[in-house]
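Report on the following structure.
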């Protein structure tokens, strides 16, 4: 996918958790009889946490692609499905009220800044990022270019 915007955000919290569990696994290998169990547990935890270590968002001429880690969890949003978008900040958990779509999906690693995308089907997608203005600008530029065609 040829992209006009690509950014990968790293979760330092998950990285710290991985390092912590690595030290616990090393301690268990060195000081207990549960060496193999510790290694197996660490490998399983590392597989789960590594998948949520990064969030990559790409904007191309026809779609927004996002994926966590190695890409086991991913989503593609066609630009033609976007009705509206804005930069927002999540300061507290969103309440399900009459004016908020009940089918809102949040993709985020850390922080409270998001690009809120309203889709034509009535659902919304919140893309958490540490570059909300740049991401929104890239999406808007591609939407403008797409509508000129």
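Computed quantities for the displayed model
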item	result
Subset tally (residues that are touching a helix residue (DSSP H, G or I) at 6+ places or on another chain (Cβ under 8 Å) and surrounded by fewer than 17 Cβ atoms within 10 Å (Cβ to Cβ)) for region 100-118	1
Scan of region 119-130 for residues that are assigned to a loop (DSSP other than H, G, I, E, B), touching a residue at least 60 places away in the same chain (Cβ under 8 Å) and touching a helix residue (DSSP H, G or I) at 6+ places or on another chain (Cβ under 8 Å), ordered by number	129
Residue within region 60-71 that is more than 19 Å from residue 129 (Cα to Cα), at pLDDT 90 or above and surrounded by 11 or more Cβ atoms within 10 Å (Cβ to Cβ) present	yes
Number of the exception - residue 65 against (1) under 28 Å from residue 145 (Cβ atoms); (2) outside any strand (DSSP E or B)	(2)
Matching residues in region 19-42 - criterion: being under 30 Å from residue 57 (Cβ atoms) and crowded, with 16+ Cβ neighbours inside 10 Å	21, 42
Qualifying residue in region 8-31 (condition: assigned to a loop (DSSP other than H, G, I, E, B), closer than 30 Å to residue 142 by Cβ and either touching a strand residue (DSSP E or B) at 6+ places or on another chain (Cβ under 8 Å) or modelled with pLDDT under 80 (or both))	yes
From 143, 127, 45, residue being surrounded by 16 or more Cβ atoms within 10 Å (Cβ to Cβ) and touching a strand residue (DSSP E or B) at 6+ places or on another chain (Cβ under 7 Å)	127
Matching residues in region 131-149 - criterion: being assigned to a loop (DSSP other than H, G, I, E, B) and modelled with pLDDT of 90 or more	131
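The values are calculated or read from the model by the stated rules, or taken from the named source; none is laboratory data. A quick note: this is a predicted structure, and the numbers were derived from the prediction, not measured. Virtual Cβ from ideal backbone geometry, glycine too; neighbours counted across all protein chains shown.
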